[in-house]
Every structure is written in C-alpha cells, then in structure tokens.
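Comments concern the structure below.
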Amino acid sequence: MDLLYGSIIPCLLETIDDYTIDNRGDIGSWVRHESMEAIEVSLFALDSLLREGGSGAPSTSGKDNVETNVVGALIKQSLEKIDRIRHAAYFHTRRILGLTNLEKNIECWTQLREIYRPGSEETDNSNLFDHLLAILRLEQYRNCAIQGLALSAGGLGDSVSQTAVSSLVRSVEEGGEGMLMAVA
C-alpha cells in the first residue's frame, strides 16, 4: 500500500492533469486517458488489499485524502471538452464508486453514488454536463467540476462549449442565489 499511496497514485494525479499541446493538437489527452486507466487499476488493487485486511491507508480527510483527490481529478475530466476523455472519466468514476472498501476514504461517498449510479445498468450519458452538475452542490468537489466546465466552455463557438455553458447557467438558475454564490 505504501507504493500505491506514496508513489503511484500521486504520480497519476500529476499526469491526469497533462494538457500538453503541440502541432498534432492536445497530445496531453492521450496521457490523461491512460492515467485514468491506471488510476482505476490502482484503486482496484487498493480495494483488494483493503478487502484482505490490509492497513496502511493514510489517516487524512478532506483535501488531503488521496482517494478524494483521485475522484476530484476524475470529476474534472468528466466535464472536460473532449468526448472520449469525458466519457472515459465518467465510466472510470462509476467503476471506482463500486469499490465498497473505499467508502470511508472518499468524501461524499453516498452523494457521489447517487449521481454516478455505479451499480446501474443505465449508461445514457448523452449529456454528461446536465447529469453531473449536481456535483456543484458538493463543496469538496465543486472546484474540480468548475475547472472541467471552464475547460469545456473555453471556445464559445462549438457545440460542446455551448452545452457546457447552458448546463452551468441552468444549474445556477435552478440553484438560486446560493448556487450562484457557490460558483462565483
């Protein structure tokens, strides 16, 4: 577990935030995609170790909790501009939220499971922006969601940007002044 907590997962948290661009475009998206795969494998290994009675999980909470940081990074990617990244992040998060041994290590476990529905066969994710905006109500993950939405809303000329902005505006309208102040 020390290797997972001390080296592997922190490294993956760095690479999931790679936005390198060159003449071929957003090459960092390939790094982000592979990082999400590796994060899922790492958390499945961690879940297995915990199921076998392993100990050694850091006794932290909130923003210092590794698992909460992982979920936050995946939430950001779940709301990002590139479809394949957005959908992959959504499905990786669903699978991770199905790992019951991680419940005590992930902030807002119950609320996240209600949003992502990991045990559900339902896979309609045609508009992840509308579906995932409930995350804005979760203070621990709000900044991650806003970062993802900001990346998606960056180019106002395309349909993904317009969908992201429309979803955010609708969320603020439905949430009233409290939501407006939270995202401001």
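Just to make sure I understand: if all protein chains stay in place, what is the order of E37, E121, E52 by accessible area at 1.4 Å, largest first?
Heavy-atom accessible area, descending, gives E121, E52, E37.
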*Tell me, what HN-Hα J-couplings in whole Hz come from the Karplus equation 6.51 cos²θ - 1.76 cosθ + 1.60 at θ = phi - 60° for each residue of the range 112-120, using x for Gly and Pro?*
5, 5, 5, 6, 8, 6, x, x, 6
*asked:* Within 11 Å, Cβ to Cβ, of G98, how many net charges do the neighbouring residues add up to if Lys/Arg are +1 and Asp/Glu are -1?
replied: +1
_Students often check this: by mean Cβ neighbours within 10 Å, which of 90-97, 22-29, 136-143 ranks highest, and how do the rest follow?_
90-97, 136-143, 22-29
*Quick one: which residues, 5+ away or cross-chain, put their amide H under 5 Å from the amide H of D26? H built at 1.01 Å from N.*
none
*Largest to smallest accessible area among S120, S7 [probe 1.4 Å]*: S7, S120
*Accessible-area ranking of C108, C11, largest first, probe 1.4 Å*: C11, C108
*Radius of gyration and maximum dimension Dmax of the range 84-140, Cα, Å*: 11.1, 31
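The values are calculated or read from the model by the stated rules, or taken from the named source; none is laboratory data. Since the structure is predicted, the reported quantities are computational estimates derived from the model, not experimental observations. Note that we place each Cβ from the backbone using ideal geometry, even for glycine, and neighbour counts take in every protein chain shown. Areas reflect the complete protein model, heavy atoms only, side chains present, ligands, DNA and RNA absent. Shrake-Rupley method; radii C 1.70, N 1.55, O 1.52, S 1.80 Å.
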